[in-house]
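Colleague: I'd like to ask you about the structure that follows.
The values are calculated or read from the model by the stated rules, or taken from the named source; none is laboratory data. Everything quoted here is computed from the prediction, not taken from an experiment. So basically every Cβ, Gly included, is an ideal-geometry build from the backbone, and we count neighbours across all protein chains shown.
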Amino acid sequence: MLDVRPAEEYAAGHIAGARSVPVAELRRHLRALPARADVVACCRGPYCVYADGTVRELARHGLRARRLDGGYPQWKQAGLPVAAGGGG
């Protein structure tokens, strides 16, 4: 799972286990993504264009990708595992 929100938002709270790859830095990280993995892009919510753009960019590079229905706020509200801090 890639969290494509800005790094500051990721550090404030993110889906546990998600990797921080801000949309502005996506191209730098393409080679590090496993070619055969299914990638899920997570963002601010169902109307956030960051995840849509990420999915299109990954598909252009031959990666299987989809966006998470909803986003971090909906995940947290559902009581699913979250974390805070940098890294990722």
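Matching residues to (1) buried (at least 19 other Cβ atoms within 10 Å of the Cβ); (2) over 13 Å from Gly86 (Cα atoms); (3) modelled with pLDDT under 95; (4) in contact with a Leu (Cβ under 7 Å, 6 or more places away or on another chain):
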site	(1), (2), (3), (4)
Arg5	yes, no, no, no
Ala11	no, no, no, no
Ala16	no, no, no, no
Arg31	no, yes, yes, no
Arg36	no, yes, yes, no
Ala41	yes, yes, no, yes
Gly45	no, yes, yes, no
Cys48	yes, yes, yes, no
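Colleague: Further, regarding this structure: Do you know which residues across segment 23-54 are more than 19 Å from Gln74 (Cα to Cα) and either touching a residue at least 60 places away in the same chain (Cβ under 8 Å) or part of a loop (DSSP other than H, G, I, E, B) (or both)?
Modeller: Within segment 23-54, Leu33, Pro34, Ala35, Arg36, Ala37 meet the criteria.
Colleague: Just the residues that are surrounded by 13 or more Cβ atoms within 10 Å (Cβ to Cβ) and either part of a loop (DSSP other than H, G, I, E, B) or at positive phi (or both), please, taken from segment 69-88. Write out each step before concluding.
Modeller: Taking segment 69-88 as the starting set, the residues that turn out to be surrounded by 13 or more Cβ atoms within 10 Å (Cβ to Cβ) are 70-76, 82-83, 88.
Across segment 69-88, the qualifying residues are Gly70, Gly71, Gly88.
Colleague: Let me ask you something else. In segment 72-80, is there at least one residue being under 12 Å from Met1 (Cβ atoms), at pLDDT below 95 and not aromatic (Phe, Trp, Tyr)?
Modeller: No, segment 72-80 contains no residue that is under 12 Å from Met1 (Cβ atoms), at pLDDT below 95 and not aromatic (Phe, Trp, Tyr).
Colleague: Also: Yes or no: Arg66 farther than 19 Å from Pro6 by Cβ, outside any loop (DSSP other than H, G, I, E, B) and not aliphatic (A, V, I, L, M)?
Modeller: Numbers: farther than 19 Å from Pro6 by Cβ: yes; outside any loop (DSSP other than H, G, I, E, B): yes; not aliphatic (A, V, I, L, M): yes.
It is true that Arg66 is farther than 19 Å from Pro6 by Cβ, outside any loop (DSSP other than H, G, I, E, B) and not aliphatic (A, V, I, L, M).
Colleague: Residues of segment 24-42 being aliphatic (A, V, I, L, M) and under 11 Å from Leu63 (Cα atoms), which ones? Lay out the reasoning, then the answer.
Modeller: Restricting attention to segment 24-42, the residues satisfying the condition of being aliphatic (A, V, I, L, M) are 24, 26, 30, 32-33, 35, 37, 39-41.
Residues satisfying the conditions are Leu30, Leu33, Ala35, Ala37, Val39, Val40.
Colleague: Can you find a residue that is touching a strand residue (DSSP E or B) at 6+ places or on another chain (Cβ under 7 Å) and closer than 11 Å to Met1 by Cβ anywhere in segment 23-36?
Modeller: Going through segment 23-36, the residues touching a strand residue (DSSP E or B) at 6+ places or on another chain (Cβ under 7 Å) turn out to be 33.
With the extra rule that they be closer than 11 Å to Met1 by Cβ, the set shrinks to none.
No, there is no match, as no residue in segment 23-36 is touching a strand residue (DSSP E or B) at 6+ places or on another chain (Cβ under 7 Å) and closer than 11 Å to Met1 by Cβ.
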